[in-house]
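Enquirer: This is the structure I want to talk about, given as structure tokens.
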Amino acid sequence: MLVRRLIARLLDWLLVLVVTWPLVHEPVLVVLCAAVYDALLLRLNTLGKALTGLRVVGPASGLGLRRVLARTLVTTALPGAGVVLVLTGLGWREPALMAGLGWQQPWVVIGEHAGPGSAGWLSSLLLVGGFVLLVLSVVEALDLRGTRTWHDRKAGTAVVRLKVAAR
């Protein structure tokens, strides 16, 4: 079940990345789009979960906005923020936003290395903070008990396998 869940999450992230990156070229906005995608489709089913035969179910009272936001914050926003902080700490920046504002050539769409001394001690702090968020996300995802991880228990949800219809 854990492998299916991880594959579903990876497929969802790849879908959001492929759709949003050509439009926004900004890691923070990609994470925001992934969180919105996850929150909006949690009550239905994300493409990754549909392809892996999984579904998020909630209590009999349904998935309220509070449960959806709590789950999305832990499953999507936390690791996404970690990746953004790591990339920022490593000195990678995306020049396309500046190109859109007319500060650089518009054909540059791939991140450039900003240089190790450009942010000083702040880059180290961002790098460590990003790694901490990523480690917390991994530990949280591996805390699987049956069909529920830590974020499922806190949000009152569970991920279950869909039954395949017999022919």
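Enquirer: From the set of residues in segment 24-43 that are part of a loop (DSSP other than H, G, I, E, B) and more than 15 Å from Leu65 (Cβ to Cβ), which is modelled with the lowest pLDDT?
Expert: Our first condition is that a residue be part of a loop (DSSP other than H, G, I, E, B); within segment 24-43, this holds for 25-26, 42-43.
Among the residues that remain, those that are also more than 15 Å from Leu65 (Cβ to Cβ) are: 25-26.
Working: His25: 77, Glu26: 81.
Restricting to residues being part of a loop (DSSP other than H, G, I, E, B) and more than 15 Å from Leu65 (Cβ to Cβ), the top hit is His25.
Enquirer: Provide a single number: the residues in segment 1-18 that are loosely packed, with under 14 Cβ neighbours inside 10 Å and more than 17 Å from Val138 (Cβ to Cβ).
Expert: Matching residues across segment 1-18 total 2.
Enquirer: Just to check your reading of the model, which residue among Val86, Val56 is more than 13 Å from the chain's Cα centre (by Cα), touching a residue at least 60 places away in the same chain (Cβ under 8 Å) and surrounded by 18 or more Cβ atoms within 10 Å (Cβ to Cβ)?
Expert: Of the residues listed, the single one that is more than 13 Å from the chain's Cα centre (by Cα), touching a residue at least 60 places away in the same chain (Cβ under 8 Å) and surrounded by 18 or more Cβ atoms within 10 Å (Cβ to Cβ) is Val56.
Enquirer: Please tell me if Arg66 is within 20 Å of Thr149 (Cα to Cα) and part of a helix (DSSP H, G or I).
Expert: Working: within 20 Å of Thr149 (Cα to Cα): yes; part of a helix (DSSP H, G or I): yes.
Here the answer is yes, as Arg66 does meet what is asked.
Enquirer: Also, quick follow-up: Restricting attention to segment 139-165, and to residues there that are in contact (Cβ under 8 Å) with a residue 12 or more places away in the chain, among the hydrophobic types (A, V, I, L, M, F, W, C) and more than 18 Å from Arg66 (Cβ to Cβ), which single residue is surrounded by the fewest Cβ atoms within 10 Å (Cβ to Cβ)?
Expert: It comes out as Val164.
Enquirer: Quick check on this structure: which one of Val3, Val16, Val36 is in contact with a Phe, Trp or Tyr (Cβ under 6 Å, 6 or more places away or on another chain), closer than 18 Å to Pro79 by Cα and free of Cβ contacts under 8 Å to residues at least 40 places away in the same chain? Spell out how you get there, then give the answer.
Expert: Details: Val3 fails: in contact with a Phe, Trp or Tyr (Cβ under 6 Å, 6 or more places away or on another chain); Val36 fails: in contact with a Phe, Trp or Tyr (Cβ under 6 Å, 6 or more places away or on another chain).
Step by step, each of Val3, Val16, Val36 is checked, and only Val16 is in contact with a Phe, Trp or Tyr (Cβ under 6 Å, 6 or more places away or on another chain), closer than 18 Å to Pro79 by Cα and free of Cβ contacts under 8 Å to residues at least 40 places away in the same chain.
Enquirer: Right, here's the next one. Checking Arg55 against (1) outside any helix (DSSP H, G or I); (2) touching a helix residue (DSSP H, G or I) at 6+ places or on another chain (Cβ under 9 Å); (3) at pLDDT below 85, which single condition isn't satisfied?
Expert: Condition not satisfied by Arg55: (3).
The values are calculated or read from the model by the stated rules, or taken from the named source; none is laboratory data. Values in this document were obtained by computation on a predicted structure and should not be read as measured data. Glycine also receives a Cβ, built like all others from the backbone with ideal geometry; neighbour counts cover every protein chain displayed.
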